[in-house]
1. Between Gln264, Gln316, which is closer than 30 Å to Asn195 by Cβ and among the polar types (S, T, N, Q)?
2. Show me the strands (runs of 3 or more DSSP E) found entirely inside the stretch 62-177 where at least 2 residues are surrounded by fewer than 22 Cβ atoms within 10 Å (Cβ to Cβ) and out of contact with any helix residue (DSSP H, G or I) (no Cβ under 8 Å at 6 or more places or on another chain).
3. Taking the stretch 248-269, which residues are in contact with a helix residue (DSSP H, G or I) (Cβ under 7 Å, 6 or more places away or on another chain) and either aromatic (Phe, Trp, Tyr) or surrounded by 17 or more Cβ atoms within 10 Å (Cβ to Cβ) (or both)?
4. Which condition does Gln348 not pass, out of (1) more than 19 Å from Ala302 (Cβ to Cβ); (2) surrounded by fewer than 23 Cβ atoms within 10 Å (Cβ to Cβ), if it passes all the others?
5. When Leu228 is evaluated against the numbered criteria (1) hydrophobic (A, V, I, L, M, F, W, C); (2) over 18 Å from Ala133 (Cβ atoms); (3) surrounded by fewer than 19 Cβ atoms within 10 Å (Cβ to Cβ), which criterion, by number, is the only one it fails?
6. How many of the residues in the stretch 37-56 are assigned to a loop (DSSP other than H, G, I, E, B) and modelled with pLDDT of 95 or more?
7. Mind telling me which of the residues Ser317, Ser284, Ser325, Ser354 ends up being over 19 Å from Asp408 (Cα atoms), crowded, with 18+ Cβ neighbours inside 10 Å and at pLDDT 95 or above?
8. Of the residues Gly377, Gly388, which is assigned to a loop (DSSP other than H, G, I, E, B) and in contact (Cβ under 8 Å) with a residue 60 or more places away in the chain?
Amino acid sequence: MKSFLLTILFSIISIEGFAQIHISDQWHLTANSRENYNGVSMANGQFGIVTDDTPLRHKEVILGGVYEASPENGISRIVRGIEFLNLRLKINNKEVTGQNISNWQQTIDMKQGISTTSFSFQDLASIDYSILANRANPFAAMAIVEITPKKNIEIAAFNYMQVPEELKNAKKNYRVLKDNEYLMPVFGTVANTLNGKYKVAASTTFLFDNQKEELKYENEELGFYKKLSKGIKYRFAIAGGICTSKDVTDPLNESERQPIFALQEGIDKMLERHKKAWAELWDSGDIEIEGDLDAQQRVRFALYNLYSFMRPNSRQSIAPMGLSSQGYNGHIFWDTELWMYPIFLALQPEMAKSCLDYRFDRLEKAKQKANIYGYKGAMYPWESDDTGEEATPTWALTGIFEQHITSDIAIAFWNYYTVTQDKTWLKENYKVLKETADFWVSRVHKNEDGSYSIKNVVGADEYAQHVDDNAFTNGAAIEALRNTIKAATILGENINPMWKEVADKLLIHKENGITQNYKGYKGQMIKQADVNLLAYPLHIITDKNQIEKDLVYYSEKMDKNDGPAMGAGVLAVMYARMGNAEKAYDYFVKSYLPNSRPPFGVFSESAKSNNPYFATGAGAMLQSIIYGFGGVELTDTGIKYNKGILPKKWKSLKIKGIGINEKLIQIP
């Protein structure tokens, strides 16, 4: 199908599995329909506020890095926070609801990280409700309300907080703090997580442009009454924040400091701080596509989500669904190191470093896991939470047997060094490489002919369980071992001779000229890319003829219905690197189009699923831009800038801020 027809299809119709996007401009996504609505997370790397189609409220709040045991099976799950920016609005004593409004429209401003919902209430007023999680202040958020009366009206505007069921012992309070003659009204809620592991607190107040209104606390809601004149726009804001005992010792008082700070700054200064922080992110890393507005919007939306789910210097990582939901319990998988981390490494190295800090901090737990299963070194968990222990549900064999995660992490550490060439950092983090290499030496099985195998694993292709010599597992182990030898050589560290022996003799099977998915593979359907990953992002298969044979063969084996979005993205990278721009573009489109959901095109994991936002898929799609069309290549001595390539539809491609020197790539 021609890309032009795809764009037209997207613009005018909506069918199952496809999203309808109102074409506006490069920075805004606008929806005019509430049907099959999937919200967007307004996040700042600390927490996410997920938009809702219902006026004046949000769907949920997701707290980054905060986990509590779930009641279903005791497995840890990322925690939903107090919904603290909701507004109950009455106009002439009639409450605004989702059923009595018209002209609904919602716009996501990707450049500034703001969602604005606009609507009309009968013949009385037009209303805009904007929400943001402050990028400059990690615990702060704000909702800005603008009312344009069509007649003389009286409003009652009250902030209310909703507490999700997984938070217990909730207590609401209101008090007016006083410093000399300055009064500071603060409304708050404090609660405990399900088993009391953490305390969660949220606090708010009202901000006004001019005269402050008299606030009233009624029925555990804080608000005010006001008469408005026809045609004169009126603006106010709910400002506050949310804190947990994971991050601060006293979350209640720290949450109260958020509205107090906002009171001193005012609406515009808080807004300015937020916008400036987002502007700095985009200035340091952005992608511009000329000639394909749909692709431009998709790429920016993917970047917006990845950026919004991370903070530099936080020593936190990013989950498959980021801060958009409790999907996959908010755990950290290989999704980080293989699919999302490469985007941060290219465009936001400090965010990439935070992902590695998260793993470094949990190295001792990885060593403990290796010991539990009788191995040496460090064996990282398939699913990781705040503890660093294995967090995979016990029914899932991946938790014990999908062991390539250990190599994925080690490779990510080496790649950070290759981009930064920072030997001091390498020395400080070398033990991650060493311990993971020691794991593989203890894990392999020596065959009678002197070769080595890794037996009984689940590979990247999770449809194949309990297989021997999975291609990606073995390939990633080889690359991790070789990288460790390189690092040890640079640092003058002792080199275990078994690292080289295993790396040189670990088997990757072939049959009829095709690299085998695993020993004994007979052409079964595969869940996702596995063998193809040996050519990219690994460097195990470098022969172009072999790469193309494997590419043609396995592209037809991937599950097109239930397979995750990443496969098409990695195929796009390889076709671009082989100089086939149109084939690469076809796979680029396939990497997002079947997985897009209305009304904004949020990613779902597969063509048939409905679990947005799948940040992992966004990472794969963006890799096709940076490491495919953009010609970026990671080498041991730094980033290599190859020529790059453009599909016919694109007039130009600019990638701004590559690497630590923030290089600009422009094609042509």
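The values are calculated or read from the model by the stated rules, or taken from the named source; none is laboratory data. Note that the structure is predicted; figures quoted are calculated from it, not measured. Note that each Cβ is placed from the backbone with ideal geometry, even for glycine, and that neighbours are counted across all protein chains shown.
1. Values: Gln264 fails: closer than 30 Å to Asn195 by Cβ.
Of the residues listed, the single one that is closer than 30 Å to Asn195 by Cβ and among the polar types (S, T, N, Q) is Gln316.
2. Details: elements: 76-81, 83-91, 101-109, 114-121, 125-133, 140-149, 153-162.
Passing ranges, in order: 83-91, 101-109, 114-121, 125-133, 140-149, 153-162.
3. First, pick out the residues of the stretch 248-269 that are in contact with a helix residue (DSSP H, G or I) (Cβ under 7 Å, 6 or more places away or on another chain): 248, 262.
Once the filter is applied, which keeps residues that are in contact with a helix residue (DSSP H, G or I) (Cβ under 7 Å, 6 or more places away or on another chain) and either aromatic (Phe, Trp, Tyr) or surrounded by 17 or more Cβ atoms within 10 Å (Cβ to Cβ) (or both), the stretch 248-269 yields only Ala262.
4. Looking at each condition in turn, Gln348 falls short on (1).
5. So the condition that Leu228 fails would be (3).
6. As a first pass, look at the stretch 37-56 and keep what is assigned to a loop (DSSP other than H, G, I, E, B): 37-40, 44-46, 52-56.
From what's left, modelled with pLDDT of 95 or more: 37-40, 44-46, 52-54, 56.
Looking only at that region, the number is 11.
7. Details: Ser317 fails: over 19 Å from Asp408 (Cα atoms); Ser284 fails: crowded, with 18+ Cβ neighbours inside 10 Å; Ser354 fails: over 19 Å from Asp408 (Cα atoms).
Just one listed residue meets the conditions, Ser325.
8. Numbers: Gly388 fails: in contact (Cβ under 8 Å) with a residue 60 or more places away in the chain.
Just a single option satisfies the conditions, and that option is Gly377.
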